[in-house]
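Structure first, then comments.
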């Protein structure tokens, strides 16, 4: 069964919907890098933007008086979402500080971790001071990527001037374990695919090596033998049911071993031998000979084994009746040139019937009933379009063009303007209902 959906804009548009599989991710440890993050947005509670004063160690400083603070709300880096074992240390360099001046390091974002992380008292001694933010809960990529820090200066006890400190350099020192993983996607077949019995279809999948060395990678195409998801390799023995592969299964990536950022694309030709009417889930499992790299499975497509395949297409994308005036009768502009052809493609494997169905046309709250649109496969008599499917052509072989024609009778008492609606075109096996 094949359906084409077309939209009236007092016109008709044609849409082909393609489902693109999401990427699944699994991973394991490979190396342990370190990163220094510096502020790209830092705002003093009184002086405003002080980013340039605190993002490097030099003689330019930001002066923080009693109960003033600096908010750091953006950093120059982001953390890879696959990182684990994250340790975040907040550093700040104090050039000058009053003996009684304390520094409070507060987390202001994420909200779940908001509060004081450290209280640091330099006791009047300049130098580099640190606060372990992971001890305060910052230990995931999401938390780190949303991290905002407030550095507050407080004289305790307040003994009058001088009552401030000067901050020269603020940064994060981050260590983490980065994980290599196989990023995979199923390119073919589409998420829902009808395959005639004993016909061949293509399974195509891509694997990317991310975050390190992935070793020798292979893919194996599978189907759901016993469960809801693929759990069994498709056989390479001709005639095996419900599928067999014409190539080897598994297949290895031709550029093995895969390095960081490298990908490979694998293709299998699969013959559908199962019972007519049966449905199967098909996908690809990728794995590596490196035990530190975990297996990963693509999303799955549903393959339905049918008696035949019906593929139809339309060379036209719209029917434009223009601006409608009450009481008008309008012939579609493509009628004279036989523009509105529906083609039974050569990939169709059985005689087909074509059906049409429409919706009301709308312009805001104004409606023209679908029955005001008429159609036919000749230019002589006209049939009112309906909200249920109507037979437009029967027993059509592959390669056949079915030419259709359209008219509209605009009722009186409605506003003039553009009216929008939808025309559905569906192909089914001859003698069956849509």
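Numbers at a glance
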quantity: Pair list, Cβ < 6 Å and 6+ apart or interchain, from region 164-175 residues that are touching a residue at least 12 places away in the same chain (Cβ under 8 Å) and on the phi < 0 side of the Ramachandran plot to residues that are surrounded by 22 or more Cβ atoms within 10 Å (Cβ to Cβ) and outside any strand (DSSP E or B); calculated: 167/54; 170/54
quantity: Boolean, residue 124 is in contact with a strand residue (DSSP E or B) (Cβ under 8 Å, 6 or more places away or on another chain), assigned by TED's automatic domain parsing to the domain that holds residue 73, modelled with pLDDT under 90 and at positive phi; calculated: yes
quantity: Qualifying positions in region 189-217 - farther than 16 Å from residue 235 by Cα, in a strand (DSSP E or B) and over 23 Å from the mean Cα position of the chain (by Cα); calculated: 194, 195, 196, 215, 217
quantity: Of all residues in region 356-380 being part of a strand (DSSP E or B) and under 34 Å from the mean Cα position of the chain (by Cα), the one that is farthest from residue 395 (Cα to Cα); calculated: 363
quantity: Qualifying residue in region 300-307 (condition: over 21 Å from residue 239 (Cα atoms) and at pLDDT 90 or above); calculated: yes
quantity: Verdict on residue 63 being modelled with pLDDT of 85 or more, assigned to a loop (DSSP other than H, G, I, E, B), more than 30 Å from residue 416 (Cα to Cα) and more than 32 Å from the chain's Cα centre (by Cα); calculated: no
quantity: Selection within region 35-46 - free of Cβ contacts under 8 Å to residues at least 40 places away in the same chain and either within 30 Å of residue 83 (Cβ to Cβ) or in contact with a strand residue (DSSP E or B) (Cβ under 7 Å, 6 or more places away or on another chain) (or both); calculated: 40, 41, 43, 44, 45
quantity: Of all residues making up region 306-336, the number that are within 27 Å of residue 395 (Cβ to Cβ) and not in a loop (DSSP other than H, G, I, E, B); calculated: 4
quantity: Leading residue by the ranking (farthest from residue 394 (Cα to Cα)) among those in region 337-352 that are surrounded by 22 or more Cβ atoms within 10 Å (Cβ to Cβ) and touching a strand residue (DSSP E or B) at 6+ places or on another chain (Cβ under 7 Å); calculated: 340
quantity: Test: residue in region 295-304 that is more than 17 Å from residue 186 (Cβ to Cβ) and in contact with a strand residue (DSSP E or B) (Cβ under 7 Å, 6 or more places away or on another chain); calculated: no
quantity: Long-range neighbours under 6 Å by Cβ, at least six apart or interchain, first residue at positive phi and in contact (Cβ under 8 Å) with a residue 12 or more places away in the chain within region 328-357, second in a strand (DSSP E or B) and surrounded by 15 or more Cβ atoms within 10 Å (Cβ to Cβ); calculated: 338/403
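The values are calculated or read from the model by the stated rules, or taken from the named source; none is laboratory data. Note that this is a predicted model, so its numbers are computed, not measured. Using ideal geometry, Cβ is built from the backbone for each residue, glycine included, and neighbour counts are taken over all protein chains shown.
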